[in-house]
Amino acid sequence: MLEIRDLHVKFHTRDREAVAGVSLTIADGEVLGLVGESGSGKSVTAMSVAGLLPRRQCAFSGSILLDGEELLHASRPRLRQVQGKDVSVVFQEPMSAMDPLMKVGPQVEESLLLHTKLSREERKAAALSAMAQAELPDPEVLYEKYPHELSGGMLQRAMIAAAIVSRPKLLLLDEPTTALDVTIQAQIIALLKKLNREQGISMLFISHDLSVVRKLCARVAVMCQGRLVEQGDTDAVFYAPREEYTRRLIAAIPTRRREGQP
């Protein structure tokens with residue numbers, strides 16, 4: 001479904017490549033975890049897939065194929081047709097990603113306005129359905145709310161609703177649970193599992209935390225300084241990592257003992 005071949009990205013203001021020869025695939029209905037510390041290149045990889053790479057600010061090469069169609073070198077008009085329809089993104093900070101002056105409901109249905117000819121009533125019905133699928137309580141009430149009136153967890157659910165309303169082929173999730181407390185984080189992971197299971201949406205889940213990835217992803221790829229250093233079944237990588245960098249990532253996962261708890 002998605003195939004990244006030898007992706008290179010180098011920003012003009014940096015000495016080294018942000019992404020240095022990354023190749024990976026995501027099958028239909030698969031959830032792949034992409035992990036690494038800040039600056040490892042995982043978000044740049046995802047933004048390349050989403051067509052959000054600032055092309056004037058970098059040099060890039062390789063190919064990104066979505067169902068066989070090349071996207072990395074596609075025209076801007078073509079990318080705008082893909083964004084929000086075939087490929088959707090959920091960002092880490094929903095408050096920053098949402099327009100504070102626009103009600104939540106119209107923001108959820110925005111991709112339908114861009115990519116369909118549905119009537120206003122049909123768009124609203126689809127948005128309410130997506131909000132219900134994202135397990136937002138009282139979608140009709142929240143439809144009329146502004147972002148600042150929602151909690152962080154509810155805002156992230158609204159972002160997920162906006163991402164799935166057009167039933168995309170691929171969902172890119174860039175640290176979507178990092179800003180949430182542990183309880184809400186677990187609820188969002190359970191929601192993503194449900195959406196993957198019931199709708200078959202393929203996902204690329206980006207995180208610096210292997211323990212979170214392990215709860216959602218059957219397969220994981222580990223990035224360090226722009227390169228893929230290890231990939232495989234999540235449990236195999238988690239319990240028997242081959243690379244020292246992966247072992248350090250696992251060792252950094254907080255535990256009760258490390259936090260000084262009994």
Counting only protein chains, not ligands or nucleic acids, how are Leu142, Leu114, Leu228 ordered by accessible area (probe 1.4 Å), most first?
-> Leu114, Leu228, Leu142
Share of region 20-150's accessible area from carbon and sulfur, percent, 1.4 Å?
-> 52 percent
Excluding residues fewer than 8 positions from Lys145 in its own chain, the aspartates and glutamates with Cα under 17 Å of it are Asp99, Glu109, Glu110, Glu135
What is the ratio of the Cα radius of gyration of region 167-262 to 2.2 N^0.38 Å, where N is its residue count, to two decimals?
-> 1.15
Counting sequence-distant residues (5 or more places) and residues on other chains, those with an amide H built under 5 Å from that of Met203 are Glu30, Val31, Leu32, Leu171
Counting only DSSP beta bridges fully inside the chain, the antiparallel percentage to nearest 5 is 55 percent
Going down the list Lys169/Lys215; Lys85/Lys215; Lys10/Lys169; Lys169/Lys194; Lys124/Lys193; Lys42/Lys85, which pairs span over 19 Å between their C-alpha atoms?
-> Lys169/Lys215; Lys85/Lys215; Lys10/Lys169; Lys124/Lys193; Lys42/Lys85
Debye intensity ratio I(q)/I(0), log10, region 206-245, q values 0.23 Å⁻¹ (C-alpha model) | -0.71
Once you have the Kirkwood Rh of region 1-86 from its Cα pairs, apply Stokes-Einstein at 4 °C and 1.567 mPa s and quote D in µm²/s.
-> 97 µm²/s
D (µm²/s, integer) via Stokes-Einstein for region 42-112, Kirkwood Rh across alpha-carbon pairs, 4 °C, 1.567 mPa s: value 94 µm²/s
Which values of log₁₀ I(q)/I(0), to two decimal places, follow from the Debye formula for region 100-210 at q = 0.11, 0.15, 0.20 Å⁻¹ with a uniform point scatterer at every Cα?
-> -0.33, -0.62, -1.10
Which three semi-axes in whole Å describe the equivalent ellipsoid of the chain, each the square root of 5 times a Cα gyration tensor eigenvalue, listed largest first?
-> 30, 24, 16
For region 120-262, accessible area per residue (1.4 Å probe, heavy atoms of protein chains only), Å² = 49 Å²
Can you work out ³J(HN,Hα) from phi for every residue in region 132-148, in order, using Karplus 6.51 cos²θ - 1.76 cosθ + 1.60 and θ = phi - 60°, giving whole Hz and x for Gly and Pro?
-> 5, 4, 7, 6, 7, x, 6, x, 5, 6, 5, 3, 8, 7, 9, x, 5
The correct pair for region 157-209, radius of gyration to one decimal and Dmax as a whole number, both in Å and from Cα atoms, is 10.8, 29
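The values are calculated or read from the model by the stated rules, or taken from the named source; none is laboratory data. Note that the structure is a prediction, hence the values are computed from the model and not measured. Accessible surface areas use protein heavy atoms only, side chains included; no ligands, DNA or RNA. Shrake-Rupley method; radii C 1.70, N 1.55, O 1.52, S 1.80 Å.
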